[in-house]
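Written out below as structure tokens is the structure these notes cover.
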């Protein structure tokens, strides 16, 4: 993984953690390193939060594309 890809994952993690319902960092646990799996877990926290998904839809779409 290139430095640019790592930077993108770190930025996505930061934004998703700030926006995630129930304080995303509590749900995901202590972050040792950002991986596609950790981003996927954060995206999963949005399940069932329709209004939040609507508000953050652009960021969530980018997250899913970058992780895929």
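Report yes if residue 60 is over 12 Å from the mean Cα position of the chain (by Cα) and at pLDDT below 80, otherwise no. When the stated conditions are applied, residue 60 does not pass them. When segment 27-40 is limited to residues that are at pLDDT below 55 and in a helix (DSSP H, G or I), the one that is surrounded by the fewest Cβ atoms within 10 Å (Cβ to Cβ) turns out to be 27.
When the test is whether a residue is at pLDDT 80 or above and surrounded by fewer than 11 Cβ atoms within 10 Å (Cβ to Cβ), residue 3 passes it.
The values are calculated or read from the model by the stated rules, or taken from the named source; none is laboratory data. These numbers were taken from a predicted model, which means no experiment stands behind them. Here the Cβ is made from the backbone with ideal geometry for all residues, glycine too, and neighbour counts use every protein chain on show.
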